[in-house]
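A short write-up of the structure that comes next.
The values are calculated or read from the model by the stated rules, or taken from the named source; none is laboratory data. No experiment lies behind these values; they were computed from the predicted model shown. Note that we place each Cβ from the backbone using ideal geometry, even for glycine, and neighbour counts take in every protein chain shown. When the accessible area is computed, the model is the full protein with side chains, heavy atoms only, and any ligands, DNA or RNA have been set aside. Shrake-Rupley method; radii C 1.70, N 1.55, O 1.52, S 1.80 Å.
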Amino acid sequence: MSENVAKIRLLEQSPAVVGQFSEWIDKADWQAVTECHQGKTTRDVLRALGKDTLSVEDFAALISPAAEPYLLDMVAKSEQLTLQRFGNIVSLFAPLYLSNTCANECTYCGFSMSNAIRRLTLNDTQIQQEVAAIKRKGFDHILLVTGETNKVSMPYFEQMLPKIKAHFSQLSMEVQPLETDEYQRLKSIGLDGVLVYQETYRRKTYLEHHLRGNKSNFNFRLDAPDRIGQAGIHKIGLGVLLGLEDWRTDSMMMAQHLRHLQKRYWRSRFSVAFPRIRPCEGGIVPKSLISDRQLVQLIAAWRLFDRDLEMSLSTRESPEFRHHGVRMGFTTMSAESKTQPGGYAEGAEEALEQFEISDDRSVADIATMIRSQGREVVWKDWDPALS
Ligand code: SF4
């Protein structure tokens, strides 16, 4: 056994004995993890393809260049597993941007503090206008999104969340990382899911892209999914911003993170997303580009790695990619998304969007496209009464 393989195996065992995931990452060797996927062979790929229960090492084989000739086999298996586990459906949701105010400096984001843009935090009336506009489109699952600032924090969330939840069956948030007791309080007033994307698991690169503000605290963000799990939140969402670092190594780290969380918070459901860096105000050039074909490989590998995982596809991706993605393994899609506060209501004040979306088709068009792929559209896939 090579030294690197031994290191990876050792790391795979370690989450059973550590507490927060940051304790694991401090022991992880980025280079060894990179060499792990770089060293995978056809034999490793075939072994992984034939297994029912995959390790992180098997996942590494499936995302490696050695798996590229087997892409069609991977996609076919991904489609079959998704149908078996989730049925013939794709669930639709809408993001609701409540605020673009942010006290952080992230090199890839239009909301960064130093960008001279018009800032807007929606008030009660504006939120109700957005809610009404989103409801008219048929959505019953909503994702609340904000920048990260003390002005848009717990008091604002506690005031607004029940009023929004009154209109939707399922409510998730993608906001600044919070403390465990804060997640518990939000759960008690209707919060169902929390997404906290780590962006990259490489500390050095993370610090190069998160220059100022609370988000530059790598460990606090990394351990947020542990706190969400401890708070008993129903769904925990993970993601890396594909392009900031070697996408294969970051994906292996996220696979390890998922296993760590699943061992501890087995009552929660998990989701992953695949955001690729998109053009934005003051944006950056990606360090590690992931092609469409490689993204398909990554998505199929995730489904083979975990059959129960919810997988989400956003409007960052092109209509063509989303068209083909419907059958591949996704369970959830956003549609007709607006990435600026007040974006849905007619006559609302204009504020800068966080990033350019790529698929701006209407909800009706997306629903038609999904049905043309032999899938049914679901507006509500879960109810608190079911848990
Ligand atoms: S990515 Fe989030 S935290 Fe960073 S600048 Fe944008 S909104 Fe703020």
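Filtering VAL33, VAL45 for residues that are surrounded by 20 or more Cβ atoms within 10 Å (Cβ to Cβ), farther than 23 Å from GLU245 by Cα and more than 16 Å from the ligand (Cβ to nearest atom) leaves a single hit, VAL45. Here THR331 passes the criteria (1) of a type in the set (Ser, Thr, Tyr); (2) in contact with a Ser or Thr (Cβ under 8 Å, 6 or more places away or on another chain); (3) without any contact (Cβ under 8 Å) to a residue 24 or more places away in the chain except the one numbered (3). When region 139-153 is filtered for residues that are under 12 Å from MET173 (Cα atoms) and touching a Pro at 6+ places or on another chain (Cβ under 9 Å), the ones remaining, listed by number, are ILE142, LEU143, LEU144, VAL145, THR146. With respect to the conditions (1) touching a strand residue (DSSP E or B) at 6+ places or on another chain (Cβ under 6 Å); (2) under 16 Å from CYS102 (Cα atoms), GLU148 falls short on a single one, namely (1). Residues in region 312-329 that are in a loop (DSSP other than H, G, I, E, B) and buried (at least 17 other Cβ atoms within 10 Å of the Cβ): SER314, THR315, ARG316, GLU317, VAL326, ARG327, MET328, GLY329.
Checking each residue of region 249-267 against the condition of being at pLDDT below 95, of a type in the set (Ser, Thr, Tyr) and within 22 Å of HIS209 (Cα to Cα) gives no match.
Among residues belonging to region 275-301 that are free of Cβ contacts under 8 Å to residues at least 40 places away in the same chain and not polar (S, T, N, Q), point out the one that is nearest to PHE111 (Cα to Cα). Taking the candidates together, the pick is VAL285. Within region 202-214, the set of residues being outside any helix (DSSP H, G or I) and touching a strand residue (DSSP E or B) at 6+ places or on another chain (Cβ under 7 Å) comprises HIS210, LEU211, ARG212, GLY213. Just name the residue that is nearest to PRO95 (Cα to Cα) out of those in region 130-167 that are open to solvent by less than 10 Å² (accessible area, probe 1.4 Å) and assigned to a loop (DSSP other than H, G, I, E, B). Selected residue: PHE139. Just to be sure before I move on: is ILE89 under 26 Å from ASP140 (Cα atoms), among the hydrophobic types (A, V, I, L, M, F, W, C) and open to solvent by 10 Å² or more (accessible area, probe 1.4 Å) in the structure I sent? It is true that ILE89 is under 26 Å from ASP140 (Cα atoms), among the hydrophobic types (A, V, I, L, M, F, W, C) and open to solvent by 10 Å² or more (accessible area, probe 1.4 Å).
I'd like to verify a number: residues in region 73-107 that are in contact with a Gly (Cβ under 6 Å, 6 or more places away or on another chain) and either more than 9 Å from the ligand (Cβ to nearest atom) or hydroxyl-bearing (Ser, Thr, Tyr) (or both), how many? Counting residues in region 73-107 that are in contact with a Gly (Cβ under 6 Å, 6 or more places away or on another chain) and either more than 9 Å from the ligand (Cβ to nearest atom) or hydroxyl-bearing (Ser, Thr, Tyr) (or both) gives 4. Looking across region 204-215, just one residue is closer than 17 Å to SER251 by Cβ and either of a type in the set (Gly, Ala, Ser) or touching a residue at least 40 places away in the same chain (Cβ under 8 Å) (or both), and that is THR205.
Among all positions in region 203-220, there is no residue which is open to solvent by less than 30 Å² (accessible area, probe 1.4 Å), more than 19 Å from CYS36 (Cβ to Cβ) and more than 16 Å from the ligand (Cβ to nearest atom). Residues that are open to solvent by less than 10 Å² (accessible area, probe 1.4 Å), assigned to a helix (DSSP H, G or I) and at pLDDT 95 or above occur in region 109-129; there is at least one. Of everything listed in (1) more than 16 Å from the ligand (Cβ to nearest atom); (2) touching a helix residue (DSSP H, G or I) at 6+ places or on another chain (Cβ under 9 Å), the single unmet condition for ILE134 is (2).
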